[in-house]
Structure formats: structure tokens, C-alpha cells
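Have a look at the structure below, then the notes.
The values are calculated or read from the model by the stated rules, or taken from the named source; none is laboratory data. Small disclaimer: the values here were computed from a predicted structure and weren't measured. Glycine also receives a Cβ, built like all others from the backbone with ideal geometry; neighbour counts cover every protein chain displayed.
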Amino acid sequence: MLAGDRSYLCSMYCRWWFDWFKRQVKIIIRHPGRTRYGDGAYISSPAGCSLAYHRRCLGQIAMPNNLLAGLKIIAVDPLYAVTGRYVDWLKSRLELYFFPVAVLHHDCPADMEIQAFFQTGNTLSSSLLDTGEGVTSRSYVVGFSFSRLLREFLAHDLIKPEDALTIRMNCEGAELGVLRSLEETGLKADRLLGSIGDIRKNFGDQAHDDAIRLLAKENIEFQYFKGSDPSTWVKAFEVFEPMASRGDRAIPPKS
């Protein structure tokens, strides 16, 4: 989405409005299904966003701007069967380094391990954890602690100790391990985009509170973002537009 894929942007924006229409029908016929925003795929209703907000989204669709141009992107994602098809396209537009491995959870004692990987129909929710929700297949992936990955990136000069990092995460609960790794290595992240709700869902309140504490301690700005949810787009546009001209590093891990 941030790289300016018009077809993806248009598809997600139209789905957002179609979902709104379905919710209105459910309200009218008093259907017991999901109608409240904040639950499910979208944080906010398109009808609740300002005209200026929609003009910003439609402007990116009509004249896509590659908001990652000039950045060094290090992507970590074990679901190569899905993401692999986009790697060549992204490499033609970005300085991209792609690693098809998983990020281990904070409670894993090893820094490298082969683990079971549970793929769901909604690939965004595929995970190292067997939640039993919509799992369609099981395979095995190589996983690394985020500390180990950061050390390897430093060793190969993919990042430098003085770099200010932006981290885009969708790691199904592995976010706490990412935050602890930044504290351990002393690397600085200016901002984190994604979600940390899965930490509470998968590991409980204490782990979630630990993540909030680390965000505050490391002075990391957190912004909820999901590429498939247009109600989160404009904040992400505002984050990446000034970064693209500075040449920061952006590291989006996913497990």
C-alpha cells in the first residue's frame, strides 16, 4: 500500500465502503451480525471520516505516490507463498532486503529455532501460535529472535547503530519480543506502526502492559496501522512522507 500499488489501494478503499453498506443493511433489518466499528476489519466508518480525509485517500489512488522511495526496507515474513509474489515488484521500486523467516515470540529461549507455522484463510492472522481460529494448513518455518536478526543486520551493515528506525509490525503477538530486542541492543526506533493488541490476546495483560512500558521508556511513537484498513491510511501517509526524503531505515517484521 505504501509503495503506491493503485490496484491494491482501490480494492481496499472500495471494500471499506462495501463493508459500510453491509453494516447499514444489518442495522436496518436488525441482523445480529457485527455492526460496530473498532471490531473486525476496520477501526472507523468511512461515513465518519471527513471529506478532506477521503480526498487524501482518493488522491493516493488517482496519483499513487511511492511513500517508501529512497528508504532502505528490510522485510521479514515467513509466509513466502503469499508475499513472495510481490517481492520482485517491490524490488523494482524499492531498496528492499527480504528474509523469509519468522520472528520468535518473547518467551522462546532460543535465538534460532524451527517452529510450526499455522496458516489461516485470512493470511494476516497466520501465526506461530495455534489459535484454532480458521487454520487451514500447518507447515514449518525457521524463526529467529528479533535480537538475533538485529545483530545480523548490523554485522552486514544493513543498519547502523546510529540509525533511527521505523518498525512496521504485524506479528501476531511477537511485538513484545521486538520491543525487548530494541532495549537489549540499544538501537533506536522513532516509531512503530501496526498493532499491539495481539500481545494481550495471546499472552495476557502483564505482557501487554510491559509493551506499553517499553514504548514509553524508549520514547517510541506508536501508530495503529493496517494496510487493508483505509481508516488508518492517512496517519501512515503523514509518517512516511517526510521520511522518504531523509533516507531512514524502515524494518517491517512479520511472523
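Working only within the stretch 164-218, note down all residues that are charged (D, E, K, R), buried (at least 18 other Cβ atoms within 10 Å of the Cβ) and not in a strand (DSSP E or B).
Glu172, Glu175, Asp198, listed by residue number.
Failed condition for Gly59, given (1) over 19 Å from Phe237 (Cβ atoms); (2) exposed (fewer than 15 other Cβ atoms within 10 Å of the Cβ); (3) of a type outside the set (Lys, Arg), with all others met?
Gly59 satisfies all of (1) over 19 Å from Phe237 (Cβ atoms); (2) exposed (fewer than 15 other Cβ atoms within 10 Å of the Cβ); (3) of a type outside the set (Lys, Arg) except (1).
Quick check on my filter: what residues within the stretch 11-36 are closer than 18 Å to Thr232 by Cα, surrounded by 15 or more Cβ atoms within 10 Å (Cβ to Cβ) and either without any contact (Cβ under 8 Å) to a residue 24 or more places away in the chain or not hydroxyl-bearing (Ser, Thr, Tyr) (or both)?
Residues satisfying the conditions are Met12, Arg15, Trp16, Asp19, Trp20.
Between Phe118, Phe98, which is in a strand (DSSP E or B) and more than 17 Å from the chain's Cα centre (by Cα)?
Testing whether each residue is in a strand (DSSP E or B) and more than 17 Å from the chain's Cα centre (by Cα) leaves just Phe118.
Which pairs do you get when a residue that is touching a residue at least 60 places away in the same chain (Cβ under 8 Å) and over 16 Å from Gly194 (Cβ atoms), found in the stretch 157-182, comes within reach of a residue that is assigned to a loop (DSSP other than H, G, I, E, B) and among the acidic types (Asp, Glu), reach meaning Cβ atoms under 9 angstrom, with the pair 6+ apart or on two chains?
Going by the 9 Å Cβ cut-off, the qualifying pairs are Asp163/Asp248; Ala164/Asp248.
Could you say which residue among Phe222, Phe203, Phe240 is under 17 Å from His106 (Cα atoms) and either among the aromatic types (Phe, Trp, Tyr) or touching a strand residue (DSSP E or B) at 6+ places or on another chain (Cβ under 7 Å) (or both)? Working first, answer last.
On the way: Phe222 fails: under 17 Å from His106 (Cα atoms); Phe240 fails: under 17 Å from His106 (Cα atoms).
Matching residue, one of Phe222, Phe203, Phe240: Phe203.
When the residues of the stretch 26-47 are filtered to those that are part of a helix (DSSP H, G or I) and at pLDDT 95 or above, which remaining residue is farthest from Ser231 (Cα to Cα)? Before you say what the answer is, go through the steps one by one.
Of all residues in the stretch 26-47, those part of a helix (DSSP H, G or I) come to 26-28, 46-47.
With at pLDDT 95 or above added as a condition, the list becomes 46-47.
Working: Pro46: 7, Ala47: 10 Å.
Top of the filtered list is Ala47.
Which condition number does Leu79 fail, the rest of (1) surrounded by 15 or more Cβ atoms within 10 Å (Cβ to Cβ); (2) modelled with pLDDT under 90; (3) more than 18 Å from the chain's Cα centre (by Cα); (4) of a type outside the set (Phe, Trp, Tyr) being met?
Only one criterion in (1) surrounded by 15 or more Cβ atoms within 10 Å (Cβ to Cβ); (2) modelled with pLDDT under 90; (3) more than 18 Å from the chain's Cα centre (by Cα); (4) of a type outside the set (Phe, Trp, Tyr) is unmet by Leu79, namely (3).
Give the residue, chosen from Leu129, Leu68, that is of a type in the set (A, V, I, L, M), over 22 Å from Leu179 (Cα atoms) and part of a loop (DSSP other than H, G, I, E, B).
Leu68
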